[in-house]
Each structure stands twice: as structure tokens, then as C-alpha cells.
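Participant: Okay, handing you the structure first.
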Amino acid sequence: MKLRTHFRVVVCGSGNGAQTAAGLLGSGGHDVTLYYSPKYEERAAAMRATLAANGGAIRITRRTGAGGQAETTTFDGPVAGVSTDAATALASADIVIISVTAPAMEPLLRELVPSLRHHQLLLFLQGIGPVNYLQLKTALAELADADAAAGRPHTARMPIFAAAKVLPWACRMQAPGVVTICGTKAHIDFAVGPGTSLLLAAMLPRLLGGLFEGTRFILSPNALEVTFFPYDVLGNDVLHPAIMYARWREWDGQPVPERPLFYHGMTEDAAELVEAVTAEAQSVIDAMCAAMGLRSSVYVPDPRTDLAAIYSDYVGDPSTLHSVLTTNAAYAGIFHPMRAAEGGGFVPDFTHRLLAEDVPFGLVPVRGIAEVLGVAVPNIDTIIMWAQQRLGKEFLVGGRVAGPDVAASGAPQRFGAVTPAALVITAAEDDGDDELWGDDDAVGIMLPGDDDDAEPLSSSGLITRALSAVAPGAAALRAASAHLSQLFEARPHAPAAAPAAPPPRAARRGVCGATAAAAAGGGCPVARSLSRSLSTPAHVHCF
């Protein structure tokens, strides 16, 4: 699906995801600016020189298909410029995309928040989890306090928040300004911020799918998305640390002659460990759902099911987790993170994000939630204890999430959340002038798995707080529709075709029954394009 509108987009970051996103958006006709933190001015200057040498574009090589059907195409994605001035870069932006490592996320948000406005779409590509929203909410609140203390006008506002749970591609940066897309994922899930109006949430899948063609963005919010669970709780957050541990737990410190393949070289034992860790994480999910009063656990696909689906064009044998990982053509040539050793050979790079990010912002939050809920996770404990030694960090101390480095993690204990009720992240305070948000009423939302005997949720309690944050319900839908009818000039449109069938995974969730469609023109570019892109009603699956 092609968008009718070209956007002004700021892409924050300098790695694989950021450069791939910038190049693809530029090739799609959008006005793209790369933003680097001021402390990376030298890196920004080098990127400017690279772009100048490349004719002002990022060079992209895209691989599609597998085996005899494999094809490779190369094309350019124009980039307007590289900025280290957030105020200038964001002043006219319609969309701000963040693709940085988890440790870099919080300081970056503090740079951006003074220039964020409610009409902008802020897309985390990829998001860590709902903790991203909490970091943004905290940064905005701290800025408001600082502005009030200094007597300055406070103009920053909570933007439209969305977060892709994984990158839409398996991609690699060969050099600055040169990227390879090894595989494009058929579909990925994304989340919206607590309190987002249902109308806007229903429109976002079409917009995101139009920005990044070839990937279907599925909004499938569930109660976990307003807790401290990482978005990819049964995906990379489990896979990466477990595979690293399985390969290097008995390493003797001596260089190895060749770089081992990360996925295609993994053993059956490593796959079994991933499955054991997955089972423990699922037990924590089950306990959280029970604490929230759900009659059945939220469905989260296991790694084998999820990877076989999103890489359906690349996987040769989807029968087991081991076969999915070792026959995925998109994973060909991906090695363990290694450094050249003095005297020859290679040693593992334990500072790589596969440990430095996926442990503190993946396994540690799951372990922290398990601690609050009283769930034992011995395999996760073992991997964290090994990883923190390799990282030179302390997350687990005396069997508790109480180490000094918890302060730089996504664990709920970092934010003082040590009871089940405190595990729910609530929406930011309404600033009073943001017409793009609905209220938090949970009118008419049904519990998953209920049919004729279902009753609307009560107006209080943990489950209501969680569900109202991800699907505001009928009252908010009416309010959002009224706001949009005032903001945008209506235009006639052809009768909608029958809605497409929901994705297969949605069948495992109950459906909230809410649909939304709008036809509009004028006003905020993001919301205008959202409305224009809807040729059929958009379904929002709450579970």
C-alpha cells in the first residue's frame, strides 16, 4: 500500500535500523533527516561526508526470497541532511523515529522532549517495551517541573506514541551509508501508548505499513503492554542471551580460529535451553495475567511459531525451533559478535547488544516481575548471573533484583514497582489541550475468552486500569471521533469494502468488537494521512 502523503521524517540513530529506515523512507519520497546526539558531532560530520560522496543518499541492497527464488536489488534512498540540533530538526517534523540501543534511549529522549508536540508521531523502531513510554512520560514531567521552576513557558507535549516490537527487517550496515536488508518480515506487532484514542490506534497499522512497504503492522494490544514486560519477551530477549550462554558458558578464554555462526551454527542443546527459558517466561506471563484477574493467559507466540510466521518466505524447515533458526535464509552469514585477538583468531565481544541490551532490558525485567509475583525462574537466573559477570554488572545480588546496575535496566524495581498493582504503567497526565487523545474509560470492554456471559468491566481495579490504557472503549471512541470531526474537514469517500480477515494469531485472542474508520482532509499531516489511508474499516484486536 502506497501512501498519498509524503512526510517530513526525523530518524534518530546511526546503526543498522536507523540507516535502513532512513534509506527506505527516502526512497519512498519522504523528506528524511538523520538526527545524531550532539556528543556524536564527529560521527555526524563523517555521515555528512559519506552522504555527499554517495550523491546524498544511503545505498540499500535488498534480498528477497530464498533458495532458487532469491533475488537481490540495489537502490538509493535520498537523505536531506544530518543534524545534531534537536530543536531545528524536530521543528517541522511530522514523524520522529527512534532506533538506538536501549542504554542510549533515555538520554536521547531527554534531548528530544523539549521539541516534541502532540501532533507528531513518535515511533520506536524497535521499542524495548512499555518502559519506553514510562521513560518518555518521566522526561516530560521533569521538563515541566524545570520549566515551572524557571518561569519558562512549557510547550512540550506527549506525542502520538507507537513502538514496533521488533525491526521490520533483518538488516546489516556494511559501512556508514551502505546497508543490506537480508530479509523483510511479513508482519510485526506494534504497540501504542496508554490512553491513545481507539480511533487513532485503529488508523496506525495502515500508516506504518505504508511507510515500510512489505511488512504488515499488526496492532494486537494486550494487558502486558501496560506492564513492565519487554515487548519481545518470548523473542530476541530470550533467544539472544540464551544462545550466547549456550555457546560461551564453558569458554576457556582462548581465541577461536573462526567466527562461529550465530543462528546457523547453534546446537540442539542451545535450542532446548531457549525453549526452557521461554517456558519460564511464559510462567511469569501466566502469573501476571492471574494477578490482573484475567480468566485466561494472554497469548504470546513462542519463538518457533513467531519466527516461522514472520520469516515465512525464508525458512526452509519450520518443524522445530532448531530447524527454524538454522534454515532461515535471512539469518545466513550472521556471526556471533567477535573481536580480533592479538596474535590471531577471535574472542567473543560480550559488550555487544545481544548481552548489553537484551539482558538488562529483556531478561532482567522478566526476572524482576517474577520476583514481585513469587515465580521461580532458575534458567533465567543462571543466564543473568553468567551474563552480569561477563558484562561487569550486578543485577542479581543474593537472589534478588537489587544490584547497583538495576538503576540502568528495565526492571520494575528500578521504578519502585514492587507490588503486583504497581506493575501497571498508567497514562501520562492530560495537559488539557491535546485533542488527539481519548479518555481512559473502559466502557464496554469484555474480558478475553468470555462470550454471552461477559459483563463490562467495573470502573476500578487492576484489570480495568490495564485494559483501559490499551483500549479506551466506546466513550473514548465517541470523544475521539468528535475531536477529529472538529479538527479535520470531511471529504466524501467510496463505500468501504468488506474488512480483511484478521491475522491467524489474532484468533488466539478475544476481539474487542470495536472498529473505526474515518475520512478526512486538512489538519495535522499524520492524522490526515491516517484517515486517507483507510479504505476499509480497521479492526483493533485487544487480545
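Participant: Lys and Arg at +1, Asp and Glu at -1: add these up for the other residues within a Cβ distance under 14 Å of residue 378 and post the number.
Facilitator: Residues near residue 378 contribute -2 overall.
Participant: Arranged from highest to lowest average of other beta-carbon atoms within 10 Å per residue, in what order do the peptides 162-168, 243-249 appear?
Facilitator: Result, highest mean Cβ count within 10 Å first: 162-168, 243-249.
Participant: If I compute solvent accessible area with a 1.4 Å probe over the protein chains, what percent of it on the stretch 126-221 is carbon and sulfur?
Facilitator: 57 percent
Participant: Once label points are set 7 Å from the Cα along Cα→Cβ at both residue 40 and residue 382, what is their separation, rounded to one decimal in nm?
Facilitator: With each label placed 7 Å out from Cα toward Cβ, I get 3.7 nm.
Participant: Placing unit charges on C-beta atoms (Lys and Arg positive, Asp and Glu negative, everything else neutral), compute the dipole magnitude of the stretch 245-338 about its Cα centre in debye, rounded to 20.
Facilitator: 240 debye
Participant: Give, as a single signed number, the net charge of other residues whose beta carbon lies under 10 Å from the beta carbon of residue 324, with Lys and Arg counted +1 and Asp and Glu -1.
Facilitator: Result for the local shell: -1.
Participant: Also, I was wondering about something else. Could you give P(r) for the stretch 179-237, binned at 5 Å from zero, as whole percent values over all Cα-Cα pairs?
Facilitator: Pairs per bin, as whole percents: 4, 15, 23, 22, 19, 12, 4, 1.
Participant: Just the number please: accessible area per residue for the stretch 277-396, 1.4 Å probe, all protein chains included, in Å².
Facilitator: With the other protein chains kept in place, the stretch 277-396 gives 37 Å² per residue.
Participant: So what are the radius of gyration and Dmax for the Cα set of the stretch 233-349, in Å?
Facilitator: 16.8, 60
Participant: Would you compute the Debye intensity of the stretch 1-134 from its alpha-carbon atoms alone, equal scatterers and no solvent, and pass along log10 I(q)/I(0) at q = 0.18 Å⁻¹ to two decimals?
Facilitator: At q = 0.18 Å⁻¹ the computed log10 ratios are -1.02.
Participant: If you don't mind, there's one more thing I want to ask. Arrange the peptides 227-234, 48-55, 262-269 so that the one whose residues have, on average, the most other Cβ atoms within 10 Å appears first.
Facilitator: 227-234, 262-269, 48-55
Participant: What FRET efficiency, computed as 1/(1 + (r/R0)^6) with R0 = 60 Å and r the Cβ-Cβ distance, is obtained for residue 155 and residue 264, rounded to the nearest 0.05?
Facilitator: Here the calculated transfer efficiency is 0.75.
The values are calculated or read from the model by the stated rules, or taken from the named source; none is laboratory data. Since the model is a prediction, treat every value here as computed from it, not as a measurement. With ideal geometry, Cβ positions are generated from the backbone for all residues, glycine too; neighbour counts draw on all protein chains shown. For accessibility, only protein heavy atoms count, side chains too; no ligands or nucleic acids. Shrake-Rupley method; radii C 1.70, N 1.55, O 1.52, S 1.80 Å.
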